[in-house]
Amino acid sequence: MKTLLEGKPLHHPLHPLLVHFPIGLFFFSFALDIAHLILGSGPALVVGAFYSMAFGVIGAVIAALPGLADYSEIRSGHSAKRTATWHMLLNLGALLLYAANLYLRSDQLATGSVPGSGLALSLGGVILLSVSGYLGGTMVYDDGISVGRHRHRGEMPAETYRASTADAIASEGEKVFVAVADASQLREGDTLRADIEGTVITIAKVDGQLYAFQEFCTHRYGPLSEGALNGVEIECPWHRSCFDVRSGKVTQGPAKVDLKTYPVKIVGAKISVGVLGPRRKE
């Protein structure tokens, strides 16, 4: 069900596809209210505003389901989590305003008039939706939330595993191997994200082999751990640059610069990544 709500079968995020309908209906309802206020012509505009709002509420409930699924995929440490929370709360607030608005209007629908409280609630709903829409755009265009994630076939990395070189469990020349997660936590065809003292790394499992490379795409810094694995290639979710996970080489633009790769192996049932020791900078 979650896969469907995220739009993966459609190859397109579902939430932004659905939200246009309730937003359009709510704004159309408000426009009909204003037209009735100015023209004062019969009950047709009042009835139209009521049913436009009613269908908008139904559409908003439907659109909220994939929205909640997308929200659950934003890791708690992501800078956009707070923005997403406000986006969700504003949308829920607007939905409650419109539900209350319908209740108030239902008693006066036969009279062909709009109560002043109903008009005020519509204005409040429009304001909340406008602010929420701005925050939604910020998440997409500034933070890349949900951009290309429908192409990710496995589970999204739920968290960032943090580790320190001071806790290294093995060494090899100038490299120390830092345990970042249990080997059982990375399934075939999946990725996880690790942060070793500020160095953010994606670890992928392909045909039983582990590969580690820098998390952020060299084109516009898209999160590669949220991209799609196609054989030994990782596809950036933002602009679809592709890289060979074995070597970090660019296999498809727009990226032009190769990824930095890291040695990775299993040490004591732990996925361990090789980085320079604590006395040297990576």
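The values are calculated or read from the model by the stated rules, or taken from the named source; none is laboratory data. Owing to the predicted nature of the structure, the values given are computational and were not obtained by experimental measurement. Heads up, the Cβs are rebuilt from the backbone with ideal geometry, glycines too, and the neighbour counts pull from every protein chain shown. Surface accessibility is based on the protein's heavy atoms, side chains included, excluding ligands, DNA and RNA. Shrake-Rupley method; radii C 1.70, N 1.55, O 1.52, S 1.80 Å.
Rundown of residues vs (1) on the phi > 0 side of the Ramachandran plot; (2) small (Gly, Ala, Ser); (3) part of a loop (DSSP other than H, G, I, E, B), yes/no style:
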{"site": "VAL180", "(1), (2), (3)": "no, no, no"}
{"site": "ARG187", "(1), (2), (3)": "no, no, yes"}
{"site": "ALA194", "(1), (2), (3)": "no, yes, no"}
{"site": "LEU210", "(1), (2), (3)": "no, no, no"}
{"site": "THR218", "(1), (2), (3)": "no, no, yes"}
request  = Look through the stretch 165-178, keep the residues that are in contact with a Leu (Cβ under 9 Å, 6 or more places away or on another chain) and assigned to a strand (DSSP E or B), and return whichever of them is modelled with the highest pLDDT.
outcome  = VAL176
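If you check LEU104, LEU129, which single one turns out to be open to solvent by 40 Å² or more (accessible area, probe 1.4 Å), modelled with pLDDT of 80 or more and under 18 Å from LEU32 (Cβ atoms)?
Working: LEU129 fails: open to solvent by 40 Å² or more (accessible area, probe 1.4 Å).
None of the other options fit; the residue is LEU104.
Confirm whether GLY67 is open to solvent by less than 30 Å² (accessible area, probe 1.4 Å), touching a helix residue (DSSP H, G or I) at 6+ places or on another chain (Cβ under 8 Å), at pLDDT below 95 and part of a helix (DSSP H, G or I). Please lay out each step first, then the result.
Working: open to solvent by less than 30 Å² (accessible area, probe 1.4 Å): yes; touching a helix residue (DSSP H, G or I) at 6+ places or on another chain (Cβ under 8 Å): yes; at pLDDT below 95: yes; part of a helix (DSSP H, G or I): yes.
Considered against the rule, which asks whether it is open to solvent by less than 30 Å² (accessible area, probe 1.4 Å), touching a helix residue (DSSP H, G or I) at 6+ places or on another chain (Cβ under 8 Å), at pLDDT below 95 and part of a helix (DSSP H, G or I), GLY67 comes out as yes.
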message = Can you pull out every residue in the stretch 18-49 that is among the hydrophobic types (A, V, I, L, M, F, W, C), in contact (Cβ under 8 Å) with a residue 12 or more places away in the chain and open to solvent by 30 Å² or more (accessible area, probe 1.4 Å)?
response = LEU18, VAL19, PHE21, ILE23, LEU25, PHE27, PHE28, PHE30, LEU37, LEU45, VAL47
remark   = Here the qualifying pairs (Cβ atoms under 9 Å; residues six or more apart or on different chains; first in the stretch 226-252 and touching a residue at least 40 places away in the same chain (Cβ under 8 Å) and open to solvent by 60 Å² or more (accessible area, probe 1.4 Å); second polar (S, T, N, Q) and part of a strand (DSSP E or B)) come out as ARG240/GLN252
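Under the condition of being open to solvent by 50 Å² or more (accessible area, probe 1.4 Å) and at pLDDT below 70, which residue from the stretch 134-164 is nearest to GLN185 (Cα to Cα)?
Keep residues of the stretch 134-164 that are open to solvent by 50 Å² or more (accessible area, probe 1.4 Å), which gives 134, 140-142, 151, 153, 155, 158-159, 162.
From what's left, at pLDDT below 70: 151, 153, 155.
Numbers: ARG151: 21, ARG153: 16, GLU155: 11 Å.
Taking the candidates together, the pick is GLU155.
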